[in-house]
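Please treat every number below as a calculation from the coordinates, not as lab data. Treat the numbers as computed from the prediction; the structure is a model and nothing was measured. In this analysis, Cβ positions are derived from the backbone assuming ideal geometry, glycine residues included, and neighbour counts consider all displayed protein chains.
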Amino acid sequence: MDGVREATGVARWTGATDRTATPCQGRNAVVRRVATISVHTSPLDQPGTGDAGGMNVYIVEVARRLAQAGVEVEIFTRATSSDLPPVVEMAPGVTVRHVMAGPFEGLAKEDLPAQMCAFTNGVLRAEAAGPVGFYDVIHSHYWLSGQVGWLAKDRWGVPLVHTAHTLAKVKNAMLAEGDRPEPRARVLGEEQVVAEADRLVANTPAEAHDLIRLYGAGAEEVTVVPPGVDLDRFVPPAHGQDRAVKARARRRLGLPPDDLIVAFVGRIQPLKAPDVLLRAATAMRTTDPAIAGRVTTVIAGGPSGSGLDRPTSLIELASELGIGDSVRFLPPLPRDRLVDLYHAADLVAVPSHNESFGLVALEAQASGTPVVAAAVGGLPTAVRDGVSGALVHGHDPDLWAKVLGDLLAAPRLRAELAAGAVAHARDFSWNETAVSLLAVYREVVIQRRAARAAICSGAFA
């Protein structure tokens, strides 16, 4: 978007010093080690249930690629089990540190603000146990982590880069029916992090616009870095092998071999709107019974957020709508099994009320499956309307039934969209994401060093 530069920011020297260095000594601009903060969900968790989702994938994929580029990454997350070791090597050069903060189990994300003091203490102690200048930059994910990063950056005298992933003001403006609004405490917490971060990383120009318009961020403090997709794992069938690959994938997942399959992948909660897909499948039975009679809807994921209030609500809804016989529920799938589901599906639906980006949409397209997505948040970036899939404006089940039905009835069009989906997904890769983030890290380190040098020059003038 206009006014948002690729690598800009305002460094603010706070007077924090290294334990043995003087404020004017500073550090060089080489980024050797990054402290990544992910308070409420561990990169080791299975995406698709609880609080684990696209953010987990983002942190894992970026950390691995930064490590491959020679940058060590230490990820701080809250310990949720007494069986977890304090430190786990997730991959060469990537360490996960489990921080004790509150009870291991039974603590909802909404309860975590009360544990921020304990978590921050654990992060600061880990840094204090290392040599001076152990971390060069902090990257926090989600507002809770941003609160911790804000305090740590002042103590360590290093810059803070923050990625919000979701924003309370945006979620509340696009709230699903029956969902709970985000509390005022979160809104205030996000505003504080936006004000204190040296750089804000947005997934899309739309998110950058939200940060500037709704949170008062300076355009020069926001950098757009799109997430990526694992192009080595999520691959389309080889030329001429489409039918064979689809058949094998359906056998492995126990899905009907000859049905038209529409898949939903993600956490089951009102925000993700899987109910819209079920209602659309029901509407198709009236508007296009010939197609509807061949459709199986697959829901892969587990309850999360306010969906935990009634974890069986989606199963109950399918029964109430009279389509329980044509809906298959699958548990959250590991990454390798997800490839099977994408290959098994004729379409993947992403009907969310809000998405900061939509990694599922990218994974499906990279696997050669067109996506039908709501035209919200970052999904218009993740899906090219009419090229790699279709964007639907609104959540009217009748409209969704029309779009899905038309595509399911047009195999040639789906084949064209499948080719477009693969080509579109190739524009996104985690390698590019990591390279762009490393450029951001280096720039904020340079800016902080320059700001420190300017202050010191004035002090000794």
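Place a +1 charge on the Cβ of each Lys and Arg in segment 292-367 and a -1 charge on the Cβ of each Asp and Glu, then give the dipole magnitude about the Cα centre in debye, rounded to the nearest 20.
Numbers: 5 positive and 9 negative charges, 19 e Å.
It comes to approximately 100 debye.
Classify segment 246-306: rounded, prolate or oblate, from the alpha-carbon gyration tensor (a ≥ b ≥ c, eigenvalue square roots; a/c under 1.5 rounded; otherwise prolate if a/b is larger than b/c)?
Because a/c hits 1.5 or more and a/b fails to exceed b/c, segment 246-306 counts as oblate.
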Pop the C-beta distance of R310 and D83 into the FRET formula with R0 = 35 Å and round what comes out to the nearest 0.05.
0.75
Of P311, A176, G240, which is farthest towards the positive pole of the chain's charge dipole, taken about the Cα centre with +1 and -1 on the beta-carbons of Lys, Arg and Asp, Glu respectively?
G240
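For Cα pairs less than 8 Å apart in space and 6+ apart in sequence, what is the mean separation divided by the residue count of the chain, i.e. the relative contact order in percent?
Values: 916 pairs, mean separation 92.1, N = 461.
Worked out over the chain, it gives 20 percent.
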Cα gyration tensor shape for segment 95-202, rounded if a/c is under 1.5, else prolate or oblate
oblate
For K402, give me every one of the aspartates and glutamates with a C-alpha distance below 12 angstrom, ignoring sequence neighbours fewer than eight places off in its own chain.
D288
Listed by chain and number, the residues whose amide H is under 5 Å from that of M90, excluding neighbours fewer than 5 places away on the same chain and using placed H, are T95, V96
Can you give me the long-range amide H partners of R78? Hydrogens built in the peptide plane at 1.01 Å from N, cutoff under 5 Å, separation of 5 or more residues or another chain.
T41, V99
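Multiply the residue gap between L399 and A415 by 0.36 nm, knock off their C-alpha separation, and tell me the result in nm, one decimal place. Please list the in-between numbers first.
Working: separation 16, 0.36 × 16 = 5.76 nm, distance 2.21 nm.
Fully extending the segment from L399 to A415 adds 3.5 nm.
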At 7 Å along the Cα-to-beta-carbon direction for both M100 and T287, put a label point, then send me their distance in nm to one decimal.
5.7
Just how large is the dipole of the chain about the Cα centre, in debye to the nearest 20, putting +1 at every Lys and Arg Cβ and -1 at every Asp and Glu Cβ?
820
From the residues T166, T95, I291, which one has its Cα farthest along the dipole of the chain in the positive direction, the dipole being from +1 and -1 charges on Cβ of Lys/Arg and Asp/Glu about the Cα centre?
T95
Rule-of-thumb check for segment 309-461: C-alpha Rg over 2.2 N^0.38 Å?
1.47
Pick out, from V193, I37, P86, the residue whose Cα sits farthest towards the positive end of the charge dipole of the chain, with +1 on the Cβ of Lys and Arg and -1 on the Cβ of Asp and Glu.
P86
Exposure-ranked with fewest Cβ neighbours within 10 Å first, V31, V87 stand as V87, V31
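Report, to one decimal in Å, the Kirkwood hydrodynamic radius for the chain based on all distinct Cα pairs.
23.0
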So what are the ³J(HN,Hα) numbers for segment 73-84, from phi and the Karplus equation (6.51, -1.76, 1.60; θ = phi - 60°), rounded to whole Hz, Gly and Pro as x?
10, 10, 9, 9, 9, 7, 5, 10, 7, 6, 7, 6
Given a Förster distance of 56 Å, report the FRET efficiency between A118 and R337 from their Cβ-Cβ distance, rounded to the nearest 0.05.
0.95
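Would you please name the trypsin sites (Lys or Arg not before Pro) within segment 180-243 that are DSSP coil residues with at most 16 other C-beta atoms within 10 Å of their C-beta? Working shown, then result.
On the way: sites: R184, R186, R199, R213, R233, R243; in loops: R233.
Within segment 180-243, the qualifying trypsin sites (Lys or Arg not before Pro) (loop, at most 16 other Cβ atoms within 10 Å) are R233.
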Nearest 10 degrees is fine. How inclined is helix 274-287 to the longest principal axis of the chain, computing both from alpha carbons?
20
Divide by every residue of the chain the summed helix terms, -39500 (n - 2.57) for each DSSP H run of at least 4, and state the resulting mean residue ellipticity at 222 nm, rounded to the nearest 500 deg cm²/dmol.
-13000 deg cm²/dmol
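Given charges of +1 on the Cβ of Lys and Arg and -1 on the Cβ of Asp and Glu, with all other atoms neutral, how large is the dipole of segment 379-456 about its Cα centre, in debye to the nearest 20? Display every interim value, and only then the final one.
On the way: 9 positive and 8 negative charges, 112 e Å.
Value, rounded to 20: 540 debye.
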Expressed as an acute angle from 0 to 90° and rounded to the nearest 10, what is the orientation of the C-alpha long axis of helix 397-408 relative to the principal long axis of the chain?
70
Compute the distance in nm between two label points, each set 7 Å from the Cα along the Cα-to-Cβ direction, one at A128 and one at H239.
6.3
Which far-off residues, 5 or more places away or on another chain, put their amide H under 5 Å from the one on H165, with H placed in the peptide plane?
Y142
Just to confirm the number: angle between the C-alpha axis of helix 205-215 and the first principal axis of the chain, 0 to 90 degrees, nearest 10?
60
